[in-house]
Amino acid sequence: MAQDSQKLHGLLAQFDTPADLMHAAEMIRDHGYSRWDVFSPFPIHGMDDAMGLKNSKVGWFTFIGGFTGFFSGMGMIWYMNEFNYPLIVGGKPFFSPIFSFPVAYELTILLGAFGTLLGMAFLNRLPRLHNPLLKHSSFKRATDDQFFLLIEASDAKFDSSVTRQLLESTHPVKIEEVQE
Amino acid sequence: MEIACTQDHGSMEGRPIIREANIQQFRKHPDFAASSMGIDSHFPHDLPSKVYNHPYESYEKKAEEKQKKDGTTLYPIIKSSVHQWAMTIDLNACTGCNACVVSCQSENNIPIVGKDQVRRGREMHWLRIDRYFSAPVTVPEGSDKGKIRSEKNLPADPQVSVQPMACVHCENAPCESVCPVNATVHDEEGLNLMVYNRCVGTRYCSNNCPYKVRRFNFFDYNLRPLDSLYDSPVMLDKLPRRPTDEFEIAKLVRNPDVSVRMRGVMEKCTYCIQRIEGAKIAQKIKAGASDAVEVPDGVVRTACLDACPAEAITFGNKLDPNSAVSKSIKNPRNYSVLGYLETRARTTYLARVRNPNPEMPDYQESLKSPYTTQEYFKTNAEDPFGHHGHHGDNHSDHGHGADDNHAKEGSH
């Protein structure tokens with residue numbers, strides 16, 4: 001085949017109903033695959049559990065961003081007012097956490113938002129210029145009436161024949177290879 | 001007819017802004033002004049520890065400690081150990097002649113704003129003379145204390161008290177805390193500086209000044225003739241302006257040592273900083289490599305001090321214990337206006353002592369105590385010369401029972 005020279009991206013299983021997809025997902029989860037995903041025209045309740053997804057790690061990025069923002073705001077004002085350019089204003093101390101709070105607070109929100117956005121992009125491996133799935137002709141029905149499950153070839157447990165057998169045991173409509 | 005007037009309220013309403021005593025009262029209580037008048041006289045002498053210290057105190061210590069330890073310090077010099085400027089104004093000597101106001105106006109390039117602007121309360125004098133009238137207090141028996149405030153009748157023979165008032169250079173300056181751009185800050189010698197280039201004209205400082213001594217340049221008073229103040233700045237080139245020759249002459253009036261402020265900028269008394277700096281530079285040249293950079297007492301003379309015919313104003317270095325101003329601060333009559341605000345003003349006042357002559361034909365009983373003092377007593381229900389007015393001072397002389405009541409007597 002002309003496609004031999006191309007790299008395998010993954011195996012795509014197609015299902016007719018969300019229930020089939022859910023059962024398939026549970027089976028793949030139990031077999032310990034890590035780089036796989038399901039696609040459906042609408043959100044399916046319970047799919048998180050069926051896929052074994054845990055809470056998103058984006059919160060940690062938000063926290064680190066906010067933490068950095070708060071202390072860089074406080075630290076900036078402390079350094080500038082105490083050492084860099086001290087001004088006697090109304091006989092007040094050069095630094096106080098009270099008057100520098102608004103700045104620190106704003107920076108907390110700003111860097112927290114940056115952390116969230118960049119953390120999300122990092123965890124989702126974005127930005128990505130091209131996803132091989134999008135050129136796959138039958139995958140278009142993922143936005144219409146079909147349900148898909150993709151196991152990526154980059155998964156550590158992926159083995160062309162074993163994985164295909166496993167997918168077949170979940171009774172999909174069909175199984176296709178997706179090329180890069 | 002409208003009269004352009006800078007002070008249309010003539011009464012202190014019993015507040016101890018100007019503090020006065022008769023000579024007999026003064027002899028019994030030389031320190032009556034600071035120790036028995038005003039809210040600050042009730043402050044305990046040993047105040048509990050503060051929430052924070054003035055940088056003048058806290059950072060000096062820090063810098064010293066660091067200097068001792070490392071030989072160098074990250075902390076910049078916050079407080080000069082050579083000069084700390086202060087001023088006193090002797091209300092006893094002041095006659096309210098306004099010479100200081102005029103002198104200040106010409107020294108500091110203060111614009112003359114015209115009658116119309118003064119009527120709108122936009123006078124620009126950095127130094128003003130407050131003038132208060134007072135009359136013998138008559139309160140009908142059993143009436144409310146506040147009654148005397150609504151006295152509408154003009155007194156037949158009022159007493160006048162005058163007080164020159166300019167920026168008092170508070171160490172805890174309320175104007176500084178509210179400036180969003182740090183345009184007014186303190187320097188290391190205790191001056192409340194006004195940085196014209198930073199000022200954006202919010203006027204918060206003026207609103208927050210308890211002494212109301214800050215002046216805002218609403219228009220280009222220095223650039224425009226008074227009759228075209230309201231013309232649009234966009235059309236400025238097309239509008240009639242000062243003829244060039246007039247403007248050139250007007251320029252010659254300016255003091256070259258003082259910046260001419262444009263519109264939208266707040267300004268106020270600088271303690272004649274140009275004269276202070278001039279004296280400091282001259283002293284440094286004289287000192288050469290030696291350490292004698294301290295300006296000798298009496299060399300820095302502010303414009304108001306120079307002009308005062310009564311020598312009521314004293315200015316100098318507070319750190320020098322032998323300077324005239326240090327001695328004046330130690331004068332028992334010395335007090336701080338609005339001292340209870342804890343502004344730690346650098347300009348303090350010496351209370352006024354009156355000496356009415358009982359032998360004169362127009363002498364009357366009511367003159368036994370100054371009218372303002374009677375007003376203060378009636379409004380605050382405390383006799384500054386009675387037993388209750390004193391805190392912490394042990395006056396051996398308390399045998400003035402008759403004196404205790406004389407204010408009351410005088411008023412009836």
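The values are calculated or read from the model by the stated rules, or taken from the named source; none is laboratory data. Keep in mind that what you see is a predicted model, and the values were worked out from it rather than measured. Every residue, glycine as well, gets a Cβ built from its backbone with ideal geometry; the counts of neighbours run over all protein chains shown.
Values as computed for the structure displayed
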read-out	value
Every residue from the stretch B:204-233 that is of a type in the set (Phe, Trp, Tyr) and within 30 Å of residue B:171 (Cβ to Cβ)	B:204, B:211, B:216, B:218
Residue, nearest to the other protein chains (Cβ to nearest Cβ), within the stretch B:301-324, restricted to residues that are under 18 Å from residue B:84 (Cα atoms), buried (at least 23 other Cβ atoms within 10 Å of the Cβ) and in contact with a Phe, Trp or Tyr (Cβ under 9 Å, 6 or more places away or on another chain)	B:317
Filtered residues of the stretch B:102-130 (kept if within 21 Å of residue B:336 (Cα to Cα) and either out of contact with any Gly (no Cβ under 8 Å at 6 or more places or on another chain) or in a helix (DSSP H, G or I) (or both))	B:126, B:127, B:128, B:130
Selected residue [in contact with a His (Cβ under 8 Å, 6 or more places away or on another chain) and of a type in the set (A, V, I, L, M)] from B:299, B:295	B:295
Residues being assigned to a loop (DSSP other than H, G, I, E, B) and touching a Phe, Trp or Tyr at 6+ places or on another chain (Cβ under 8 Å) - total across the stretch B:9-53	14
Residues of the stretch A:154-172 satisfying the condition of being surrounded by 14 or more Cβ atoms within 10 Å (Cβ to Cβ) and either modelled with pLDDT of 95 or more or in a loop (DSSP other than H, G, I, E, B) (or both)	A:155, A:157, A:158, A:170, A:172
Subset of the stretch B:251-289 [exposed (fewer than 14 other Cβ atoms within 10 Å of the Cβ) and in a helix (DSSP H, G or I)]	B:251, B:252, B:277, B:281, B:282, B:284, B:285, B:286, B:287
Residue in the stretch A:111-128 that is within 14 Å of chain B (Cβ to nearest Cβ) and at positive phi present	no
Conditions (1) part of a strand (DSSP E or B); (2) modelled with pLDDT under 90: number failed by residue A:151	(2)
Residue check for residue B:49: in contact with a helix residue (DSSP H, G or I) (Cβ under 6 Å, 6 or more places away or on another chain) and farther than 24 Å from residue B:158 by Cα	no
Residues that are of a type in the set (S, T, N, Q) and more than 23 Å from residue B:114 (Cα to Cα), drawn from the stretch B:208-222	B:208
Among (1) free of Cβ contacts under 8 Å to residues at least 60 places away in the same chain; (2) in contact with a Phe, Trp or Tyr (Cβ under 8 Å, 6 or more places away or on another chain); (3) of a type in the set (A, V, I, L, M, F, W, C) - the single one residue B:338 does not satisfy	(1)
Subset tally (residues that are buried (at least 18 other Cβ atoms within 10 Å of the Cβ) and more than 14 Å from residue B:383 (Cα to Cα)) for the stretch B:1-21	3
Single unsatisfied condition, residue A:56 versus (1) within 15 Å of the chain's Cα centre (by Cα); (2) surrounded by 13 or more Cβ atoms within 10 Å (Cβ to Cβ)	(2)
First in the stretch B:39-61 and at negative phi and within 14 Å of chain A (Cβ to nearest Cβ), second anywhere and surrounded by 12 or more Cβ atoms within 10 Å (Cβ to Cβ) and in a helix (DSSP H, G or I), Cβ under 8 Å, 6 or more apart	B:52/B:58
Enumeration of residues in the stretch A:82-110 that are part of a helix (DSSP H, G or I), within 14 Å of another protein chain (Cβ to nearest Cβ) and buried (at least 19 other Cβ atoms within 10 Å of the Cβ)	none
Residues within the stretch B:336-362 that are assigned to a helix (DSSP H, G or I) and of a type in the set (Gly, Ala, Ser), tallied	1
Test: residue in the stretch A:115-127 that is at pLDDT below 95 and among the small types (Gly, Ala, Ser)	no
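Yes/no matrix, rows are residues, columns are (1) surrounded by 14 or more Cβ atoms within 10 Å (Cβ to Cβ); (2) free of Cβ contacts under 8 Å to residues at least 60 places away in the same chain; (3) hydroxyl-bearing (Ser, Thr, Tyr); (4) more than 30 Å from residue A:62 (Cα to Cα):
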{"residue": "A:119", "(1), (2), (3), (4)": "yes, no, no, no"}
{"residue": "A:123", "(1), (2), (3), (4)": "no, no, no, no"}
{"residue": "A:126", "(1), (2), (3), (4)": "no, yes, no, no"}
{"residue": "A:131", "(1), (2), (3), (4)": "no, yes, no, no"}
{"residue": "A:137", "(1), (2), (3), (4)": "no, yes, yes, yes"}
{"residue": "A:143", "(1), (2), (3), (4)": "no, no, yes, yes"}
